[in-house]
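Reading through the structure tokens given below for one structure.
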There are 2 protein chains.
Amino acid sequence: MQETGQRARAAARAMARAECAAKNTALLNIAATLREQRAKLLDANATDMKAGQESGLDPALLDRLELTDKRIDDMVDGLHQVAALADPVGEITELRTRPSGIQVGRMRVPLGVIGIIFESRPNVTADAAGLCLKSGNATILRGGTEAHHSIQAIADCIRAGLKSAILPEDAVQVVATTDREAVGEMLHLSEYIDVIVPRGGKGLIERVSAEARMPVIKHLDGICHVYIDDRADFDKAIRIAYNAKTQRYGTCNTMECLLVAENVAAAILGRLGPMYQAAGVEIRGCEKSREILSGIRAATEQDYRTEYLAPILSLRIVSGLDEAMDHIDRYGSHHTDSIVTEDISRAHRFLKEVDSSSVMVNASTRFADGYEYGLGAEIGISTDKFHARGPVGLEGLTSQKFIVIGSGHIRT
Amino acid sequence: MQETGQRARAAARAMARAECAAKNTALLNIAATLREQRAKLLDANATDMKAGQESGLDPALLDRLELTDKRIDDMVDGLHQVAALADPVGEITELRTRPSGIQVGRMRVPLGVIGIIFESRPNVTADAAGLCLKSGNATILRGGTEAHHSIQAIADCIRAGLKSAILPEDAVQVVATTDREAVGEMLHLSEYIDVIVPRGGKGLIERVSAEARMPVIKHLDGICHVYIDDRADFDKAIRIAYNAKTQRYGTCNTMECLLVAENVAAAILGRLGPMYQAAGVEIRGCEKSREILSGIRAATEQDYRTEYLAPILSLRIVSGLDEAMDHIDRYGSHHTDSIVTEDISRAHRFLKEVDSSSVMVNASTRFADGYEYGLGAEIGISTDKFHARGPVGLEGLTSQKFIVIGSGHIRT
């Protein structure tokens, strides 16, 4: 692993200097190779799927493990999209002349070597490698053992694409998933890995956070709220609250808890309750809400702290904005929270005071992702504040150095 | 310490919402109180100085410990300068309308709770507290035991200033320096402290880096280089190389190693050598340089890796730009490096390819600091790439969250 690190560091130097055209050529060539090697990829994946079925992997995991034609197309499209994004490296901003006469600005540069630790989704290999490559970083990827053949087949395509663009093949290294010690070793390789991005379940992320000796860009829970204010437009409120819960259940930006202002609770819940019921969403509510919606289960303290990722919704009636924000602060996970109101002062207070990576007014929490935000693609959604917060695209994989331009200036 | 953390977290919430005017009032009132309490501060410091002299502290440490009228004035001026800076909190940037119709932008927010661990300079108390306060953060400060009375006297002024501005007094908490366990406890308090900034010697910084369970904004070595290219303007080259070494010896942005292109080495060193000699700078050079400057000591490998912080200079003659950049990459500390050249392509290559927090063209490395860069003040200079790089001002103590503004938008 030490040697992998050294090779990555050397490749990172070359990648930081690489021309945008070479990086784009590599991305497009990787995409073309993935398309050409489609049969090989499906074969390799079939081997992994068969072994997975035989060893009794659960269906959700098998679903993530599977490579379909559609998923290969998505990888190819993703690489095309990343190639089309502006190169973040070398961007100079805020170049200003100081009273001393020097010009001072900032230049965007790659972070260096990015470690990606992921689980069963083989397509992460191409998605993550593409973003790291475009942002001028070298990458070390370590995926789940169950995806071994699929990952290696994708890695072959990546190497071919890098080679054809005359970029170092070590710019993307895939650690053999059969090496059981690899994860632990990666997490201690702070000399060679500048940042680790874990992609997977909570267990993985907690382990990486606890053990990593370098910074981690991580995503923990998504306990997202929608607060319907008593100055909300009812139609917007109902549309947003319904969409935020039901558009997809298993995503981190799905609403898990609905807060409704007391004054409008009867009117709102009278309409929303039957809609959720029709969609098969189980509601767990506070005492007051159970007086309006008869027959729903009582919510426990634990319910308000739970990311269901399922057709279940916590519900609480609050006196107003302050109680809503207190609830979000106490029970939320600082991921994505939305207010529905027509009152501009309350909207501004919510935007300013709610301490979450995405804070919204009159919009569904489901918008919280890199594509919707225009980042082009995301390596993940950070629930930390340090360095990168919210969806992390190319920019989150870079840093800025200061540049100073003088013409013989000295300090006096 | 747990309780200190909880109080800081509560204060951080209030500080994040505080109006700019209240924060500025607090800063100006702290400054006024420091000025009014000058006699008390000098008395408290005299107690620390006396104890320090009796316990045989070394003169350099005693110098850092001392509070003079000038240093009190500097604290007061520093607070006035921070009050005059624009409030970074709430700044909205990049607000753009997406194809879906939502507006997406970023809002700057405080990091939360900043832990500052420092050594003997009592003035760090006011300087660091001022920056953290203006950026809407709560602060926990822990200074050196030898500065106990001085720090407490300054802390009293800070509390009075916060109180008069009706801001929570817990926004700046000073941990008793007599609590020997405090540093270790702070470094494990990741639930309540969002980032640690160590200010002091290498021993402190290494300990904090190794033990901290939260992100650290840290500054390690400053092994800074000036490379004089063979297309340099000789007068500029000599002026810069002389200034970068001799303007101050003990600062982190002082040049420690001079690299000179072979073609111009004789001409440049023929002029610079006697100037350094006259200034009392000892030169330690490579073989080739010793043929030009007779009588200088041979530089060892270790010399090229040393931050002298003293009138000593390493010198190496290189074949040109590539060898210079290789040397900087191998021996440097990625702090501040400068090229002297009139060749625009070489200047651009140096700016792009040298991986340091400040990269300069035709300017003295001594410019690398927050005041000279227009940040107003700095909490430190980061030699890391993650989050903040180079001089860290108010912006480095903040993060950006995403804000989304719709008018009933849902995801389809």
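The values are calculated or read from the model by the stated rules, or taken from the named source; none is laboratory data. Keep in mind that this is a model prediction, so the values were computed, not measured. Cβ coordinates were reconstructed from backbone atoms using ideal geometry, including for glycine residues, and neighbour counts include every protein chain displayed.
What to note about this one:
- Any hit, region A:310-320, residues being more than 28 Å from A:Arg349 (Cβ to Cβ) and part of a helix (DSSP H, G or I): no
- Test result for A:Ser382, more than 7 Å from chain B (Cβ to nearest Cβ) and in contact with a strand residue (DSSP E or B) (Cβ under 6 Å, 6 or more places away or on another chain): yes
- For the residues B:Leu95, B:Leu67, B:Leu79, B:Leu62, the requirement of being surrounded by fewer than 18 Cβ atoms within 10 Å (Cβ to Cβ), closer than 21 Å to B:Leu141 by Cα and either in the same structural domain as B:Asn137 (by TED's automatic domain parsing) or among the hydroxyl-bearing types (Ser, Thr, Tyr) (or both) singles out B:Leu62.
- Residue match in region A:158-180 (condition: touching a Gly at 6+ places or on another chain (Cβ under 7 Å), outside any loop (DSSP other than H, G, I, E, B) and in the same structural domain as A:Gly130 (by TED's automatic domain parsing)): no
- Per-region count, region A:104-121, residues under 19 Å from B:His387 (Cβ atoms) and among the hydrophobic types (A, V, I, L, M, F, W, C): 5
- Residue-level check: of (1) more than 9 Å from chain A (Cβ to nearest Cβ); (2) crowded, with 24+ Cβ neighbours inside 10 Å, B:Asp194 misses just (1).
- Residue check, A:Thr412 under 30 Å from B:Gln247 (Cβ atoms) and more than 7 Å from chain B (Cβ to nearest Cβ): yes
- Against the test of being crowded, with 22+ Cβ neighbours inside 10 Å and among the hydroxyl-bearing types (Ser, Thr, Tyr), the options A:Thr306, A:Thr300, A:Thr341 yield a single qualifying residue, A:Thr341.
- Cβ-Cβ distances below 9 Å connect the following pairs, each with a first residue in region B:255-276 that is touching a residue at least 60 places away in the same chain (Cβ under 8 Å), a second residue that is among the small types (Gly, Ala, Ser) and not in a helix (DSSP H, G or I), and a separation of six or more residues or different chains: B:Met255/B:Ser338; B:Met255/B:Ser364; B:Cys257/B:Ala299; B:Cys257/B:Ser314; B:Cys257/B:Gly332; B:Ala261/B:Ala232; B:Ala261/B:Ser319; B:Ala261/B:Gly320.
- Residue that is nearest to the other protein chains (Cβ to nearest Cβ), among those in region B:332-346 that are under 25 Å from B:Gly270 (Cβ atoms) and not aliphatic (A, V, I, L, M): B:Ser338
- Among the conditions (1) among the basic types (Lys, Arg); (2) within 23 Å of the chain's Cα centre (by Cα); (3) surrounded by 24 or more Cβ atoms within 10 Å (Cβ to Cβ), B:Lys385 misses just one, which is (3).
- The strands (runs of 3 or more DSSP E) found entirely in region B:338-412 that carry 3 or more residues being in contact (Cβ under 8 Å) with a residue 24 or more places away in the chain, in contact with a helix residue (DSSP H, G or I) (Cβ under 7 Å, 6 or more places away or on another chain) and farther than 20 Å from A:Ile410 by Cβ are B:398-409.
- For B:Ile317, the conditions (1) away from every other protein chain (no Cβ under 13 Å); (2) over 24 Å from A:Gly408 (Cβ atoms) all hold with the exception of (2).
- Residues of region B:99-119 that turn out to be without any contact (Cβ under 8 Å) to a residue 60 or more places away in the chain and crowded, with 16+ Cβ neighbours inside 10 Å, as a count: 0
- Residue list for region A:347-370, restricted to those being within 7 Å of another protein chain (Cβ to nearest Cβ) and among the aliphatic types (A, V, I, L, M): A:Leu351, A:Val359, A:Met360, A:Val361, A:Ala363
- Scanning region A:18-48 for residues that are within 14 Å of chain B (Cβ to nearest Cβ), surrounded by fewer than 20 Cβ atoms within 10 Å (Cβ to Cβ) and in contact (Cβ under 8 Å) with a residue 24 or more places away in the chain turns up just one, A:Cys20.
- Residue in region A:145-158 that is within 14 Å of chain B (Cβ to nearest Cβ), under 18 Å from A:Gly5 (Cβ atoms) and either touching a residue at least 60 places away in the same chain (Cβ under 8 Å) or among the hydrophobic types (A, V, I, L, M, F, W, C) (or both) present: no
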